[in-house]
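Read through the structure below, which is laid out as structure tokens, and then see the notes.
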Amino acid sequence: MDRRTLLKTGTMAALGLGLGCAGKSQQTVPGAPPMPGGPRPRPANDLIPVDASWGKVIHTTVGLRPFRDSGFRVEPQKLDGKTVIHNYGHGGGGMSLSWGTGSLAADMALAHTSRRAAVLGSGAVGLAAARQLQRRGFDVTIYTKALPPHTTSNMSWAGWTPSSSVVTTTKRTPQWDEQFRAAATIAYRELQLLNGRDYGVTWIDSYSTTDEVPPERMRGTRAPLMPESLRTGREVLGPDEHPFPLRYAIRTSTMRIEPAIFLDATLRDFRLFGGGTVIRELSTERDLMSLAETLIVNCTGLGSRDLFRDQEMTPIKGQLTLLAPQDGVNYSTFGGLSTTSGEPGIGLHMMPRRDGIALGGTAERGEWSMDPNEEKRKNIVEGHAELYNAMRAPWRTM
Ligand SMILES: Cc1cc2nc3c(=O)[nH]c(=O)nc-3n(C[C@H](O)[C@H](O)[C@H](O)COP(=O)(O)OP(=O)(O)OC[C@H]3O[C@@H](n4cnc5c(N)ncnc54)[C@H](O)[C@@H]3O)c2cc1C
């Protein structure tokens with residue numbers, strides 16, 4: 001496998017889209033014998049190229065994905081007179097998983113006698129956990145250093161990527177895998193229910209581009225983390241069926257979460273159902289003991305490294321460059337044109353949203369700086385410009 005193939009394969013694997021969609025593929029691979037009487041996929045030649053010129057850039061954001069080597073932690077811990085239920089360490093999958101791990105954490109809370117709970121943190125994970133607690137009859141107060149829009153969750157690209165940078169493969173255990181699958185299954189359904197209801201969650205076509213004939217299934221020594229039921233089918237479009245400057249485009253339907261809308265709407269609901277918020281940073285165990293609640297749900301993300309001395313927590317820095325919104329762009333992409341665009345294991349990716357067109361493609365492990373990396377910013381913008389400039393626009397083919 002050459003570097004280019006690796007880069008693209010890695011990209012799709014990291015983002016959880018996967019080339020490995022056995023059982024859900026709806027079509028033949030171009031170049032392979034056609035399925036007798038099988039329909040060809042709907043062509044995609046009407047896609048409008050994104051204008052990724054520097055003049056369209058409006059902003060660059062930086063966020064630190066809260067990565068934990070052995071995967072997110074959802075479990076209770078006794079701490080003197082308090083019960084702490086941990087719910088942190090979601091890496092690059094927290095926007096996708098939040099409603100699912102929140103549900104697992106809230107179920108654990110039911111074992112506690114009190115129906116008053118403190119939730120620490122108000123990113124996607126804290127807000128969803130707080131709502132799941134409210135649904136189970138808890139009176140909830142959120143204690144947080146910062147509210148949206150000042151959370152990592154707000155800096156997220158936020159596609160449906162529950163298995164992206166969520167665990168180190170060699171650290172997976174059967175118990176953790178089972179918890180992951182339970183959380184992802186709940187989250188997938190919860191997000192579907194939010195669709196089209198002013199929560200910033202919508203379905204969108206996404207295209208992964210490649211020059212290689214897409215294989216039928218991902219080869220690996222371990223069982224795939226993501227259950228097949230949590231993906232939609234894929235369609236492989238051949239060279240004449242899509243406008244991208246690579247041979248194949250793999251189309252899937254995926255969920256898009258627009259962070260600003262999603263987080264504000266969840267916070268609004270939390271308040272509507274009687275939840276309170278207190279802006280407060282907790283730094284020590286003594287701070288925890290000073291809380292009135294005996295039940296605490298810890299959703300502090302990377303903050304758990306210091307607050308609960310979890311040295312497994314490490315940042316994976318990611319940045320997004322936003323372009324001004326562009327009418328008619330209603331699809332997302334994964335992958336670039338050249339071998340230098342995007343990083344192995346993550347690659348370039350684009351998502352149109354109401355606050356702009358988000359261009360991503362960086363993952364700097366162990367990097368704590370909140371300053372944009374200029375070189376990576378340039379690669380992301382110019383890598384996307386290269387892809388879209390080489391795309392056949394509908395008006396060029398007419
Ligand atoms: C560039 C980028 C792209 C991403 N793309 C995706 C994607 O496509 N799909 C996806 O699912 N995920 C994606 N993610 C990952 C996702 O953003 C995270 O997994 C998610 O935001 C984690 O949510 P959280 O609530 O745990 O953390 P945060 O959003 O960081 O929230 C933590 C909360 O805890 C509070 N806090 C922390 N420490 C303390 C303390 N000591 N005392 C009190 N309060 C405290 C903070 O103020 C904050 O309110 C991406 C992330 C980045 C950066």
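Nothing in this text is a laboratory measurement; each read-out follows from the coordinates by a stated rule. This structure is a prediction, so every number in the text was calculated from the model and none was measured. Using ideal geometry, Cβ is built from the backbone for each residue, glycine included, and neighbour counts are taken over all protein chains shown.
Brief remarks follow.
- Each principal axis of the Cα cloud of the range 257-326 was taken in turn, and the coordinate range along them, longest first, works out to 50, 35, 16 Å.
- Think of the range 179-324 as a dipole: +1 on every Lys or Arg Cβ, -1 on every Asp or Glu Cβ, centred on the Cα centre; then among L288, A265, P243, L288 lies furthest on the positive end.
- As a ratio to 2.2 N^0.38 Å, the alpha-carbon radius of gyration for the range 157-197 is 1.36.
- Descending principal axes extents, the range 134-176, alpha-carbon based, whole Å: 38, 28, 20
- More than 23 angstrom apart: percent of Cα pairs within the range 172-323: 63 percent
- Net charge dipole, the chain: roughly 580 debye, given to the nearest 20, about the Cα centre with Cβ charges of +1 for Lys and Arg and -1 for Asp and Glu.
- In terms of surrounding Cβ atoms within a 10 Å radius of their Cβ, E374, E281 rank from fewest to most as E374, E281.
- For I380, I346, I316, order by how many other beta-carbon atoms lie within 10 Å, fewest first: I316, I346, I380
- Two tests apply to each whole DSSP H helix in the chain, Cα reach of 18 Å or more along its axis and mean Kyte-Doolittle hydropathy of at least 0.0, and the ones passing both are 94-109, 259-272.
- Cross-link reach list, aspartates and glutamates versus K317, counting only Cα pairs under 12 Å and skipping chain neighbours closer than eight places: E364, E367, D371
- Surrounding net charge for S122, when Lys and Arg each add one and Asp and Glu each subtract one, Cβ distance under 12 Å: +3
- Ranked by the mean number of other Cβ atoms within 10 Å of their residues, highest first, the peptides 195-205, 120-130 fall in the order 120-130, 195-205.
- Volume of the Cα convex hull of the range 94-249, divided per residue and given in Å³: 155 Å³
- At 0.890 mPa s and 25 °C, Stokes diffusion of the range 275-385 via Kirkwood alpha-carbon radius, µm² per second: 144 µm²/s
- Ellipsoid semi-axes in whole angstrom, largest first, where each is sqrt(5λ) of the Cα gyration tensor of the chain: 38, 22, 19
- Label-to-label distance, nm, for residues given as Q311 and R136 (7 Å Cα→Cβ offset): 3.2 nm
- Centre-to-centre, using Cα atoms only, the range 66-141 and the range 344-379 are separated by 28 Å.
- Whole-angstrom gap from the range 290-341 to the range 156-221, using each part's C-alpha centre: 15 Å
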